[in-house]
Each structure stands twice: as structure tokens, then as C-alpha cells.
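What follows is a short report on a single structure.
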Amino acid sequence: MKNILIISVDQTLEETIESYNNDVANRILKKVFNKELLINEGIKDLIINQSVIRRRRSPDVAAYTRSRANGICDLCGRKAPFVDNNGIPFLESHHLITLAQGGPDVIFNTVALCPNCHRKMHIIDSEEDKEFLKKVLYKYLLTDEEKEVVEKFEKLFAKE
């Protein structure tokens, strides 16, 4: 049976640690609840500061990407699972080279995915799926017959 540490939000760190006679539990509690993070003596007042960097995304790029897919997920090939309040099939725009990796927010780097496939891409990150989506995207670009965009696509993915 696993050891379970029960921490009351009404206790201070010292009271919580004292309630355990087990040295291991005490060491764990001291590590987890670093005194510098505790405010006003209570665990209930734990405050965590976080910084998040969000890259600006163009709503036009996302809208074009979803429109181009015509309600069909670019990965699994199924219809969007539902329509939104405006009657538009719900798909999510996904960057093949993520913005965090320095990928551009442009139509030649985005595909439209159903929520399940979008989550799959972020969790599993399969090379096979990425290569498949590159081919799908390349076909879209060839259909658009915009030579300049195709050249930008080829240049972007030649770096990888």
C-alpha cells in the first residue's frame, strides 16, 4: 500500500510537518512546500508566479486554413465532429513547425485538424503524421497554383 500524505489547508507548514512522525514524509513535505512559496503561514495561501510567452496568431491564417479543409480533418480525413454556433464545421488550425520552434504563422505552415487529431499531434508528435500532413499541405498549395507560396513551403521544410 502506498503512503498517502494528507495536507490540511487549515494548517501551517510547521503544523503539517509536525503531524507526521515519519522522517521520509517530513523530508518530502519540506521539499514540496518550500517555505519561500508559503505566504501568511498557511498552505492555503500558496501563490505560484508563472510567466507565459504567447506568440501572436493571425485569425485570417486560421480561418483560411479551416476553410481550405472544407470541414474535413487533414489528418484522419473525417468530417469535423460538430459545427460551431455560426454553422461552421469545427476544426483547429495546427502549425506543422510550431511557433515555439520558430515556425511562421502562414498558410503554408498550417493544416486543419479535428480536436482529437490536434491533441494527438501535440501529445504523440509522430514523424509519420507530420510527413503525411506535409504532403496534404503541399497538394493544397499546388491546387492554389501560387508558385511563390509553394517555393516558400519548400524552403521552410528544406531546413528540417
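Using the Cα gyration tensor of region 79-160, with a ≥ b ≥ c the square roots of its eigenvalues, what is the shape: rounded (a/c below 1.5), prolate (a/b larger than b/c) or oblate (neither)? Since a/c reaches 1.5 but b/c is at least a/b, the shape of region 79-160 is classed as oblate.
Approximating the spin labels as points 7 Å out from Cα along Cα→Cβ, the SER67-to-PHE90 distance works out to 2.2 nm. Counting protein heavy atoms only, region 43-137 has 50 percent of its accessible area on carbon and sulfur, 1.4 angstrom probe. In this rough spin-label picture, where each label sits 7 Å from Cα along the Cβ direction, the LEU142-GLN101 distance is 2.3 nm. Rolling a 1.4 Å probe over the protein heavy atoms leaves GLU128 with an accessible area of roughly 150 Å².
In this simple spin-label model, placing a label point 7 Å from the Cα along the Cα-to-Cβ direction at both GLU128 and VAL52 gives a separation of 3.3 nm.
The values are calculated or read from the model by the stated rules, or taken from the named source; none is laboratory data. Predicted model, so just to flag it, every value in this text is computed and none were measured. Heads up, the Cβs are rebuilt from the backbone with ideal geometry, glycines too, and the neighbour counts pull from every protein chain shown. Accessible surface is based on the protein model in full, side chains and every heavy atom, while ligands, DNA and RNA are left aside. Shrake-Rupley method; radii C 1.70, N 1.55, O 1.52, S 1.80 Å.
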